[in-house]
Each structure stands twice: as structure tokens, then as C-alpha cells.
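Everything on this sheet refers to the single structure shown next.
The values are calculated or read from the model by the stated rules, or taken from the named source; none is laboratory data. As the structure is a prediction and not an experimental result, all values here were calculated from the model. Here the Cβ positions follow ideal geometry from the backbone for every residue, glycine too, while neighbour counts run over all protein chains shown. The protein model used for the area step is the full one, side chains on, heavy atoms only, and it has no ligands, DNA or RNA in it. Shrake-Rupley method; radii C 1.70, N 1.55, O 1.52, S 1.80 Å.
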Amino acid sequence: MVDDGPTTAARVPRVLCIAGTDPSGGAGLLADTKAVAAMGGYGMGAVTAVTVQNTVGVSGVHAVPVDIVIAQLDAVADDVTIDAVKIGMLGEAGLVEAVGDWLRRRRPPHVVLDPVMVATTGGRLATDDAARMLRDLVPLVDLVTPNVPELAVLCGGEPAEHIETIVGQAELVHEQTGCAVLATTGDLEDGSAEDVLVESEGDRRTTLRLPFVRVDTPHTHGTGCSLSSALATARVGARDWEAAYRRVRPWIDGALQGGLALDVGHGSGPLDHTWFLHH
């Protein structure tokens, strides 16, 4: 396992993941619960959409009715104490609004939003209206984890080409929303190997450029889902998002490296969420 054991919390974190399915197992809700378990948590899930996809691409999306999604969330919240929430695919504008209302009503701790808009394989996973409304959801969560194009949508700008632009856009989203921002830069074309974390404690804002070692792999399917779910889990018992990130980063690097040997699919394959069991 990674550096400090299965969890720093006094008990196993109970993490509710809100996401679509991926029948090939690499992304969405299946990846979420694997990541939660890998970080020592107990994963739960509410299905927002059933997708038809594999490692090659997305060929269909069937949205779950909004009232059924909210009923799933309430069923869990009525019975289980939720320690953290991860929000992934919210493909329809009405669902984005309804999940926002649920967050206001239930106010769960440590909410992470992965603003899913386009799959790694290129398929659209959110309507234009839903993508725009995700910006209104950000102030209701504690951490948002956009990649380069998602960060551009959230700040109303153009996709960044350099790390300095990423820093400015992440700080702008934080300033506008009050939400901590972890901007991932794996798809930044200038080759930068630094994620950018902006968070505040009281009136003091901290911007960190967090270097990592790039893993040379085409198998990145579900990286964003897995990272955000792991962060939600690690934040339970951690002092801040930086501490959670520093716990998660070695695990995600190992999962990316381990994915090279999985031999799953013919396209962009999945991570190996349990790579540490093989070493």
C-alpha cells in the first residue's frame, strides 16, 4: 500500500460516489469504488447514467431519471453516515441542478467534483447545458479536479498551453467560487509535469505547483475518476487537500505504471487500481 497505510482516519472512510457506469470497468463508478477501496475506504455508488463504452470509445449513453438518482442518494444518506462524496458524470442540466439541491439539503463533508465533460476516448458525456451548469455547482463542493480543457470551461477561457496559464486559471476559479482547485496537467502540451493546487485557510490562499514524474503510457482510461475518488477518501482524516494529494499521488503513479501490464482492451486501457498487491 502507499505511504501511511490504508487510512489516517480512526475508522474506514465511507465514500459515496455519484457517477455513470463503464461496462469495461476502467472509468466511472466501477473505477471510483476501486479507487476508494485502494485508499482504504468503503465505496458506495449512485448511478447517474448507463454508458455503452469500452477502451476504444463511447457509443451510447442512457441517462437515469433525475428522481431515481436523487432517490439513490437519499437512500444512502438516510441509512449511512457519509464521510466524503465524489461527484463524476452528471450528463444532463436537470441532474446538475438536482444534485446541487441535494448537496444544500444534506451538506455532506469533503465533496470532490470531477467535472466530467468528455471521456478519455473522445465521447461526449455531458450536454452543453450541463457543462455550463457545472460552473454553478463548483461553489457547493470542497475540491474540483479539472483537466486542462475542463479548467478552461470552468473559468470561461481558452484551454491553456503553458503551466503559468494553468496557475492563473486555477486561481481565478478559486477566487470566483471559494472552492479548492486541483488542476491536473497530464494533457498539457508543453510537457509540464506539475499539478496545480489552490486552496485557502481563512484569508490565506496557497498556490502549489506539485511536480510528478510522467508515466509513458497510453493506458489512462479513468485516471480522472480514480484520482478524484482517491482524493475524497484520503481527505477523511487528512489536515488539508495538500496532505490528501501527497498520499494519493504515489498510488496513482503506481496505478498508471501497473496499467501497462493489465492487457485490457484494444484502446486506451485502464489503470491497475490494485497494483500494490502485485509487488
Give the residues of the range 156-181 that are open to solvent by 60 Å² or more (accessible area, probe 1.4 Å) and in contact with an Asp or Glu (Cβ under 8 Å, 6 or more places away or on another chain), sorted by residue number. E161, H162
If I filter the range 175-183 for residues that are under 26 Å from V85 (Cβ atoms) and either touching a Gly at 6+ places or on another chain (Cβ under 7 Å) or among the polar types (S, T, N, Q) (or both), do I get at least one hit? yes
Has the range 1-13 got at least one residue that is modelled with pLDDT of 95 or more and open to solvent by less than 10 Å² (accessible area, probe 1.4 Å)? yes
Of all residues in the range 241-278, how many are assigned to a loop (DSSP other than H, G, I, E, B) and without any contact (Cβ under 8 Å) to a residue 24 or more places away in the chain? 3
Can you tell me which of V148, V153, V144 is among the β-branched types (V, I, T), open to solvent by 20 Å² or more (accessible area, probe 1.4 Å) and touching a residue at least 12 places away in the same chain (Cβ under 8 Å)? V153
Determine which single condition S226 fails, assuming it passes every other condition in (1) out of contact with any helix residue (DSSP H, G or I) (no Cβ under 7 Å at 6 or more places or on another chain); (2) under 20 Å from V111 (Cα atoms). (1)
Count of the range 182-204 residues which are free of Cβ contacts under 8 Å to residues at least 40 places away in the same chain and within 17 Å of V144 (Cβ to Cβ): 6
Would you call A180 within 24 Å of T48 (Cβ to Cβ) and modelled with pLDDT of 90 or more? yes
Looking at this structure, is T21 more than 15 Å from the chain's Cα centre (by Cα) and among the polar types (S, T, N, Q)? no
Residue hits (the range 224-240; open to solvent by 10 Å² or more (accessible area, probe 1.4 Å), touching a strand residue (DSSP E or B) at 6+ places or on another chain (Cβ under 9 Å) and assigned to a helix (DSSP H, G or I)) are C225, L227, R235
T207 - would you say it is surrounded by fewer than 21 Cβ atoms within 10 Å (Cβ to Cβ) and either farther than 20 Å from M39 by Cα or without any contact (Cβ under 8 Å) to a residue 12 or more places away in the chain (or both)? yes
Looking for something exposed (fewer than 14 other Cβ atoms within 10 Å of the Cβ) and in contact (Cβ under 8 Å) with a residue 24 or more places away in the chain - is there at least one such residue anywhere in the range 43-50? no
Can you tell me which of (1) of a type in the set (S, T, N, Q); (2) modelled with pLDDT under 95; (3) open to solvent by less than 40 Å² (accessible area, probe 1.4 Å) is the one S200 doesn't meet? (3)
Are there any pairs with C-beta distances below 8 angstrom linking a residue in the range 92-117 that is within 17 Å of L143 (Cα to Cα) to a residue that is of a type in the set (S, T, Y) and assigned to a loop (DSSP other than H, G, I, E, B), with the two at least 6 apart or on different chains, and if so which? V112/T145; L113/T145; D114/T145; P115/T145
